[in-house]
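See structure below.
What follows draws every value from the coordinates through simple rules; no lab data is involved. What you are looking at is a predicted structure, and each value in this text was computed from that prediction instead of being measured. Positions of Cβ are generated from backbone atoms using ideal geometry, with glycine treated the same way; all protein chains shown enter the neighbour counts.
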Amino acid sequence: MCSNNPYIPMPVEIIKIIDEVDTHDIKSFRLKFMNKEDEAKFKYLPGQFSELSIYGRGESPIGIASSPTEEGYVEFTVQRAGAIQPGLVTAALHDMDEGAKIGLRGPLGNSWPIEFLEKKNIVVVGGGFAFTTLRSLINYMLHKDNRSRFGEITVIYGARTPGLLLYKDELAAWEKRDDIKTIITVDKGDETWKGREGFVPAVCKDAAPSPNNAVAVICGPPVMIKFTLPVFFELGFSKENILTSLEMRMKCGIGKCGRCNVGYKYVCSDGPVFSLAELDELPRDF
């Protein structure tokens, strides 16, 4: 029976586990709701997150990696936290098998602003593990019922090595489509890599996406964002038209614990998605 209590997790079953990277510390978990009422209630948009609960271990906030256009399940890509002192929840989840039962709270937070993005050209820039909710947005925009709502779509995605690229099958499928421009890069290739080498900021500069009627959606490691933003400012993108996510600051997810606040904003309820213009109004403690 479904509950309206936001503190009570909904029971879900792990129906598929995908080992995403060569280091085996990032896996995607496909979850199926055990109660139809919970599945019907779980309505989300790209950019939102949930709390995954492991009984006896605790819970952890994780961005939703699937698109709401993918029916019958919800998917999360989870990195095992820390090599020396692993997170209890992510370590326990990585040790589970298909068929295991866990808990799910959500969806939580705001989403990528779909209405604001409509009829605009979208430039998606991702680095490393932060590509998860960007993947949700891309698949949402590419769906046959949604593609006409958006202009040109450009995806620039990088990882340190080829083995650390997420969603390799989907990346290959996007590269073959003519309604999306996909640029994949790695910092350093190996003997099997036939693609582009180079850091994401340099690749963005080479690609030089136009700022005309365009919005940039950027997520990645802080150092990547630090050197990528000046490129987009130089290209002419305004701070109102550059979006990012502060998902990593999440704690309780419902604005009660106060541990995710940035100034007067609670990232879990006011975010995690913000424009750079919005972030400019907040203290620089994120």
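Residues to consider are Val200, Val217; find the one that is of a type outside the set (Asp, Glu), crowded, with 20+ Cβ neighbours inside 10 Å and touching a Leu at 6+ places or on another chain (Cβ under 8 Å). So that I can check it myself, show each step before the final result.
Working: Val200 fails: touching a Leu at 6+ places or on another chain (Cβ under 8 Å).
After ruling out the rest, the residue left standing is Val217.
Where in segment 1-76 are there strands (runs of 3 or more DSSP E), lying fully within it, with 2 or more residues that are exposed (fewer than 13 other Cβ atoms within 10 Å of the Cβ)? I'd like the intermediate steps shown before the answer.
Values: elements: 10-19, 26-33, 49-54, 58-63.
So the answer is 10-19.
Among helices (runs of 4 or more DSSP H) entirely within segment 163-257, having at least 2 residues that are acidic (Asp, Glu) and at negative phi singles out 168-176.
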